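Note sheet for the following structure.
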Amino acid sequence: YAIVKNSLHQEWIKESPNFDLHLIVYDDSYNKFYNDTNFICYQKGYKFKLVYDYLIKNPLYLEKYEYFFIPDDDIQIDAANIAKLFEYTKTYNLSIAQPGLTNSYYTYEHTMKCKSTLLRYSNFVEMMAPCFSQEALKKVLFTLSENKSGWGIEYHWPMLVRFSGTEMAIVDDIEAVHTRPIQSFNQQNMKELSDYIERYKLSREIHEFGSLPNENYKPTESKDWKPI
């Protein structure tokens, strides 16, 4: 989990989470977070390249854990919902998943939470908050170091995990908020996205492939999310 000084992860450790927290601090706030976890290091760089380097240098971690959640540090989510995300990923045998977003800044509308479903199968999980099975992360790990920004790599993931309709999903039975607008939108990152798509001849078409219903949903309720 690559972070800077405004990271929201400290909400998780208030709740004695049932998962291990690994922090890669890439600004001058290392001392601020030093006591948050036994797994912490300092390294300059970009989010996904930092995660890639961390796992390559510590391959035992890639073997130790069944599931890996790698959110941006401006994702507001509590420990209980992270645990629920791991649970859904395991229960429904998902290779890659992400929480549905509530009252959030967003780029892709299908990533916003749908109250009538528990999860929706999709060929696109955004790099903003992906959860990987161990097997899936091993398959996509190289993509984390393919460019600086990470832009474009999530279009490659369904091909690498051999997505056939049920291996990837947006999990709606979770509360998560993207608290800041996208800050990395620039010409350089857009070029990296285009170059990546072209290099691997990828499609940018995004589809949903069915869903699992939320039995507690009441159709008279209004939507609980709004785009920002």
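Entry note, the chain: relative contact order of 25 percent, from Cα contacts under 8 Å with a spacing of 6+ residues.
Rounded if a/c is under 1.5, else prolate if a/b is larger than b/c, else oblate: which is the stretch 137-186, with a ≥ b ≥ c the root eigenvalues of its Cα gyration tensor? It is oblate, given that a/c is not under 1.5 and a/b is not larger than b/c. Need one word for the stretch 25-89: rounded, prolate or oblate. Basis is the Cα gyration tensor (sqrt eigenvalues a ≥ b ≥ c); a/c below 1.5 gives rounded, then a/b vs b/c decides. Here the stretch 25-89 falls in the oblate category. Residues of the stretch 84-101 with an amide N closer than 19 Å to a point placed 7 Å from the Cα of GLU15 along the Cα-to-Cβ direction: 84-91, 97-101. Note on the chain: helix-only mean residue ellipticity at 222 nm, from DSSP H runs of 4+ residues weighted -39500 (n - 2.57) and normalised by residue number, equals -7500 deg cm²/dmol. Simple rule: put +1 on each Lys or Arg Cβ and -1 on each Asp or Glu Cβ in the chain, find the dipole, and look at GLN43, LEU137, TYR200; the Cα lying farthest toward the positive end is TYR200.
Equivalent ellipsoid of the chain: semi-axes from √(5λ) of the C-alpha gyration tensor, largest first, are 25, 22, 18 Å.
Protection proxy ranking, highest mean first, for peptides 24-31, 74-81, 38-45: 74-81, 24-31, 38-45, where packing is the per-residue count of other beta-carbon atoms within 10 Å, averaged.
When the chain is modelled as a GNM with alpha-carbon springs shorter than 10 Å, which of GLU109, GLU167, GLU66 fluctuates the most? The residue with the greatest mean-square fluctuation here is GLU109.
Could you please tell me the mean projected area of the C-alpha convex hull for the stretch 1-131, averaged over all directions and given in square nanometres to one decimal?
Values: hull surface 33.7 nm².
Average projection, Cα convex hull of the stretch 1-131: 8.4 nm².
What is the dipole size for the chain, taken about its Cα centre, with +1 at each Lys and Arg Cβ and -1 at each Asp and Glu Cβ, in debye to the nearest 20?
Using only the charged Cβ atoms, the result is roughly 400 debye.
Pull out a ≥ b ≥ c, the square roots of the eigenvalues of the alpha-carbon gyration tensor of the stretch 63-166, then state rounded if a/c is under 1.5, prolate if not and a/b is larger than b/c, and oblate in the remaining case. Rounded, since a/c falls under 1.5. Per-atom-type breakdown for the stretch 61-125 gives carbon and sulfur 43% of the accessible area (1.4 Å probe, protein chains only).
Leaving out ligands and nucleic acids, note down the accessible area per residue over the chain with a 1.4 angstrom probe, in whole Å². Write down the numbers at each step before the final one.
Numbers: 11570 Å² over 228 residues.
On a per-residue basis, the chain sits at 51 Å².
The values are calculated or read from the model by the stated rules, or taken from the named source; none is laboratory data. The model shown is predicted, which means the values in this text are computed figures rather than measured ones. Positions of Cβ are generated from backbone atoms using ideal geometry, with glycine treated the same way; all protein chains shown enter the neighbour counts. To get the accessible areas, we keep the full protein, side chains included, count just its heavy atoms, and leave off ligands, DNA and RNA. Shrake-Rupley method; radii C 1.70, N 1.55, O 1.52, S 1.80 Å.
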